[in-house]
Amino acid sequence: MVPGYREVRQLGAGRTGRVFLATYQQTGAYVAIKYLNATLRRDAEFMDRFRSDTHELVEIDDPNVVRLYEYVETPTRAAVVMELVDGVSLRTLLAEHRGISPEAALTVLKSTLLALAAAHERGVPHRDVNPENILVQADGTSKLADFGVVVHAEEPDVPAGSPEYMSPELWTQGRAGPPADVYAAACVLFEAVRGRPPYRAVKEDGALDVPAVRDRHLAEPVPLEVAPDSLRDLLRRGMAKDPATRYASARQFAAELEEDAVAGYGPDWEKRGRRHLGELATLLALRFPLARTERASGAGRTIRDRIPRLPPHLWVAGATVVAVAISLMMSGGRLPPGPGTILMPPPKTAQSEPEPAPVDAATPARTRTSAAPRRSTPARTVSPPPSPPPSPPPTVRQGGTSVPRPTAVRAAGIVGWSGTAGTIRVSADGTGPVRLRISYTRREGEGGAARTVRQETRTLRGSTAYASAVTHDPGGVSCGKRVYVGIVVMTEPAAGNGPQVSEVAVDGPACPTPTPTSHSPTPTPTPTPSEEHSRTAAGTPTPSEEALSQPSDEPTDQASEEPMMLLSTPEEEPPL
Ligand SMILES: Nc1ncnc2c1ncn2[C@@H]1O[C@H](COP(=O)(O)OP(=O)(O)OP(=O)(O)O)[C@@H](O)[C@H]1O
């Protein structure tokens with residue numbers, strides 16, 4: 001294992017290695033660690049190139065790129081320590097939902113192209129852009145992972161990469177570079193809207209027919225006829241067979257995408273796209289890396305104990321909120337109990353416990369490239385000593401390289417959620433930036449599915465304890481109807497207690513009672529016991545709600561600097 005980190009559980013394994021969820025021991029911040037597999041480690045050419053790429057990659061601090069914190073190489077391991085993205089891959093999302101809306105597909109593509117532009121401008125191609133390497137978060141933003149980590153094919157004469165996304169010049173001349181990345185990104189756009197890659201061919205046994213896929217990339221026209229009109233130009237130029245007629249750069253592709261998207265879908269296209277993506281990702285929240293974290297380590301044993309006593313009407317399920325709420329509980333979330341808080345029972349079937357992570361603590365670190373957030377000095381690679389020292393060096397960095405110190409978010413919580421207002425509290429172990437991703441949901445009645453009606457992102461910085469007020473217009477409620485208005489809060493870096501969710505019932509006004517014949521007075525509706533835990537849509541705000549209310553809270557998907565109240569005294573830390 002990488003010195004200085006504690007591995008929590010395996011997140012998955014692909015063709016290039018295994019990925020673990022881990023914490024940085026000094027701060028408790030979550031990270032993801034990828035161990036490159038033996039095939040890659042034995043490939044001297046790959047390793048030389050990858051080592052040199054990491055010098056550039058650690059310097060890239062871009063919201064569209066999964067941040068690379070450290071690259072650590074020992075005689076027996078090569079590990080990439082990176083930002084943990086609490087989300088799902090675009091591959092998983094597409095497998096569940098088939099195609100996504102053109103706006104959502106364009107949103108993902110724009111982020112991917114901006115990530116590529118950031119890396120290309122530092123001279124680093126990605127080499128394997130495909131839906132597995134694009135990670136989508138609950139707020140609909142996405143990040144590109146795995147720069148430079150590309151596996152060689154087992155078949156002879158097949159270049160490294162993923163055949164369904166490989167450009168003609170990569171097939172014929174092995175030329176990986178920015179144009180090939182642009183081509184692959186356009187293939188991802190096609191797959192996102194159609195639910196399948198542009199060129200597919202399978203053998204009788206169901207395995208990919210690689211030579212047939214190659215031929216189709218080389219000779220078959222781009223299947224534009226099955227793509228929405230507004231995407232055709234982008235696909236035509238993005239997937240041009242000749243790199244000279246393709247977009248000149250990822251940045252140019254992104255700029256033209258913006259123009260076409262505005263022309264085709266209006267100025268709000270990205271807001272809608274992100275909202276759609278966020279909804280789809282949120283439905284898969286149980287698969288987020290932090291969804292099972294504390295349960296896996298045993299800390300979730302008292303899940304039932306943490307469920308506040310709720311009236312029966314609050315034990316209701318809407319698809320989105322169920323998913324998030326279950327993930328919250330499985331991650332050991334502790335919501336402040338209150339009448340407006342909704343929590344779901346844990347699933348009936350137990351999830352299997354994770355495999356213990358491989359431990360390699362005795363192996364001395366030999367090469368280490370690292371980045372601390374906002375570090376300005378270039379990363380350095382330490383040359384391996386002639387022979388490993390007899391005992392492992394302390395986890396202190398060799399050669400003066402620094403270790404990442406991302407601010408860890410200890411906990412987040414939602415206090416006093418009323419459907420129209422509430423306060424999000426966040427405690428962190430440092431003053432570095434913490435992004436709050438807030439989604440507001442609404443369900444029509446008990447059996448209704450939750451819809452995300454609004455999302456916003458805020459950035460908190462400069463303190464270790466925050467209270468950030470939110471206000472929300474839950475919309476109208478018809479007479480005699482009840483809706484459930486929810487708030488889902490995630491942080492980046494991910495909070496130690498996982499995503500937070502709270503939901504309240506909001507009742508519409510009483511319907512007028514029909515009085516067919518007489519002029520007898522209309523009976524006053526008697527409040528049901530459950531109404532003690534609801535508030536009416538037209539209800540008068542309580543004094544505390546008034547105190548929290550802010551002027552019109554326009555929906556925004558843009559990151560914004562949040563004016564906030566800083567809590568400086570320890571007792572004012574969130575009650576989490
Ligand atoms: N930085 C990260 N944060 C959160 N999850 C991650 C991160 N990097 C990878 N994962 C997840 O870990 C799992 C394994 O990833 P890995 O990159 O090894 O496989 P892959 O991308 O599916 O395949 P390949 O190795 O062929 O690129 C995937 O589910 C992926 O979504």
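Are any of the residues in the range 14-29 away from the ligand (no atom under 14 Å from the Cβ), more than 18 Å from residue 492 (Cβ to Cβ) and of a type in the set (Lys, Arg)? No: the range 14-29 contains no residue that is away from the ligand (no atom under 14 Å from the Cβ), more than 18 Å from residue 492 (Cβ to Cβ) and of a type in the set (Lys, Arg). Can you list residue pairs whose Cβ atoms sit under 6 Å apart, with the first residue in the range 158-184 being hydroxyl-bearing (Ser, Thr, Tyr) and the second being away from the ligand (no atom under 16 Å from the Cβ) and part of a loop (DSSP other than H, G, I, E, B)? Count only pairs 6 or more apart in sequence or on different chains. Cβ pairs passing all conditions: 183/167; 183/239. Set side by side, the residues 78, 95, 38 differ, and just one is farther than 27 Å from residue 427 by Cα, more than 9 Å from the ligand (Cβ to nearest atom) and crowded, with 18+ Cβ neighbours inside 10 Å, which is 78. Taken over the range 125-146, the criterion of being within 11 Å of the ligand (Cβ to nearest atom) and out of contact with any Phe, Trp or Tyr (no Cβ under 8 Å at 6 or more places or on another chain) is satisfied by 131, 132, 133, 134, 135, 136, 137, 143, 144, 145, 146. For the range 264-274, the count of residues that are in a helix (DSSP H, G or I) and within 15 Å of residue 97 (Cα to Cα) is nonzero. When restricted to residues that are among the hydroxyl-bearing types (Ser, Thr, Tyr) and crowded, with 24+ Cβ neighbours inside 10 Å, the range 492-515 contains 1. Only one of the numbered conditions (1) among the hydrophobic types (A, V, I, L, M, F, W, C); (2) within 14 Å of the ligand (Cβ to nearest atom); (3) modelled with pLDDT of 90 or more; (4) closer than 28 Å to residue 139 by Cβ is not met by residue 50, and that is (4). Listed by position, the strands (runs of 3 or more DSSP E) contained in the range 1-40 that have at least 3 residues being on the phi > 0 side of the Ramachandran plot form an empty set. Per the conditions (1) in a loop (DSSP other than H, G, I, E, B); (2) of a type in the set (A, V, I, L, M, F, W, C); (3) more than 12 Å from the ligand (Cβ to nearest atom); (4) crowded, with 24+ Cβ neighbours inside 10 Å, the sole criterion not satisfied by residue 60 is (4).
The values are calculated or read from the model by the stated rules, or taken from the named source; none is laboratory data. Keep in mind it's a predicted model, so treat the numbers as computed, not measured. Cβ atoms come from the backbone with ideal geometry, glycine included; neighbour counts cover every protein chain shown.
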